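Okay, so here's the structure we're looking at.
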Amino acid sequence: MERNVAQIALFAALIAALGLVPKITLAFGVPITAQGMGIMLAGAMLGAKRGFLSVMLFLLLVAIGLPLLAGGRGGLAVFAGPTAGFLVGFPIAAFVTGWFVEHARLRHVGLRAFIGAVLGGVVVLYAFGIVGMSLSLGKSISECTMLMAIFIPGDLLKAAITGMLVAAIAKARPRALGWTANA
């Protein structure tokens, strides 16, 4: 139990720390940040439930006003801007990533983590983010989808790094993966 709480808190802190990497904000208000990789890693390392909880803890801290999002943003107002859909999608993305890693019948853990990160951290996250952008910016879903196309290569790179990190950790310290007991 204590290990679970520590892992959840550690990954919430990791997501926050990745917000310190300088962001690049595009003209339509959505920043390029490293925090998406933290979401992928939370799911891939901790599994669906604990990955979800770590992201929820992170979002709770953001909601109460801690400036943990890239660029030092925090507070309830961030849940009403162009990135609100992404924030809502963060815990679902971690859950889907973790669920895939836990249940996929692929032998190579790095490949499971990569595919899980693409499904959760790209496909699911983009679905939430695009809908949120559409509502916030008053643009169509197709317009927002086109705006998001610029992020795909970077997010695929984050998913690949996630896969490589999980594979390396699985080799060096398999018990560090929060889902191995369930695999």
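Bear in mind these aren't lab numbers, they're just calculated from the coordinates by the rules spelled out. Being a predicted model, the structure only gives us computed values, none of them experimental. Note: ideal-geometry Cβ built from the backbone for every residue, glycine included; neighbour counts use all protein chains shown.
Within straight-line reach of residue 171, meaning a Cα separation under 24 Å, sit the following lysines at least 8 residues removed in sequence or on another chain: 49, 158. With a simple spin-label model that places each label point 7 Å from the Cα along the Cα-to-Cβ direction, the separation between residue 79 and residue 157 comes to 3.2 nm. In this label model, residue 17 and residue 127 are separated by 3.2 nm, measuring between points 7 Å along each Cα→Cβ vector. Spin-label model, residue 66 to residue 135: label points 7 Å out along the Cα-to-beta-carbon direction sit 2.6 nm apart.
In percent, rounded to a whole number, the relative contact order of the chain is 24, using alpha-carbon pairs under 8 Å and six or more apart.
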